[in-house]
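The values are calculated or read from the model by the stated rules, or taken from the named source; none is laboratory data. Given the structure is predicted, the values throughout are model-derived calculations rather than measurements. Here the Cβ positions follow ideal geometry from the backbone for every residue, glycine too, while neighbour counts run over all protein chains shown.
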C-alpha cells in the first residue's frame, strides 16, 4: 500500500478529494446551492436515462455473435482514419466551432428559424395533399400538351422571322412614323365605331332577311307537277341562262320556235293585224289557252310596302301556286 500511495499519488488523491469537496460543497454567496443538492435534483432524471442507456448497451451487443467485434473493428478503422487525417479533422472541428459560435451568437434568430420551420411543417401536410390532388390534372395536361410541344419548334421557327420584322418596325428609327400612324388610327376609330354601331342593326336585318327569306327560297324546288325538276330554284335559274343563250342563237327567219307564256292582265291590247288576232292561238296541239301560273296579284300600291316591319317577321314566300283561267280569248286560226 505504501508503494502504491507514494507521494505523487497521495498529492493527486488529495487534489481529487478537494475538487470533490468544492464540487459537492455549497457555492459562496448562494445559500442552498451546492453540488450535492444538484445531484439530488438530477437523481430522479437519471432513472429514464439509465434505462435508455441499458437499452443502448444491450443494442450494442448486436443480434448475433461477433457484432460487437465488428463494431469495435469498424470503430478502430474510423479512429485510425481520423488519426491519419488530423489536419482535416482539425478543420472540421474548427468549422463546427465557428458554426456553433455563430448559432450561439444569433440564438434569437435561430429560435425564429426553428419556429418558422415548425409553422412550415404544420402547413406542409395540407399543401402536400393539395399538390397530390393537383398532380393527376397536371399529368393529363402534360399529355395533352405533348403534341403541341412536339410541333412547337417548327412553329417557333416560323415565328422567328415575324418577330424580327416586328422588332424592325419597333426600332427607334421606325417607331416615330408608326406611332403617328397609330395615333391617327385611334383618333378616327371612335367615330368609325359609332358609324358601325348605327350600321350593324340595319345590316343585321338585311342579312337575316337574306338568310331566311331569300336563300331559303333559292334552296327549295318549285312544285310544278310533272314539269318539276326536283332541283333548287337557284340551280334551275343557272341552267336556264345558258339554255336561253343557246336557243336565241338558233333563230332565223324560218328556224325553230320557243313557246312563251305571258299574262297580260285585263287591259290587253287586241285587234287584227293583216287578218290575224294579236293574241290568238293556243299551244301546239290545243285549241284553247291553258291559263297561267302563278296568279297575277295586281299592281302594288304604296300601302303594300312596309319598311317599318322586319322582314324576318313575315311568312316565307311559298313557291306553290295555283293556275288561273286565261285572260286571253282564243280567236282561232286565221284563214
| task | Assess whether residue 110 counts as being in contact with a helix residue (DSSP H, G or I) (Cβ under 9 Å, 6 or more places away or on another chain) and either on the phi < 0 side of the Ramachandran plot or assigned to a helix (DSSP H, G or I) (or both). | result | yes
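Would you point out which residue out of 63, 81 is surrounded by fewer than 10 Cβ atoms within 10 Å (Cβ to Cβ) and without any contact (Cβ under 8 Å) to a residue 12 or more places away in the chain?
Matching residue, one of 63, 81: 63.
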| Criterion (over 35 Å from the mean Cα position of the chain (by Cα), under 30 Å from residue 307 (Cα atoms) and loosely packed, with under 10 Cβ neighbours inside 10 Å) met by exactly one of 202, 214, 222 | 202
| remark: Note on the stretch 220-235: residues touching a residue at least 24 places away in the same chain (Cβ under 8 Å) and touching a strand residue (DSSP E or B) at 6+ places or on another chain (Cβ under 8 Å) are 220, 221, 233
| helices (runs of 4 or more DSSP H) contained in the stretch 1-96 and holding at least 2 residues at pLDDT below 75 | 7-24, 35-60
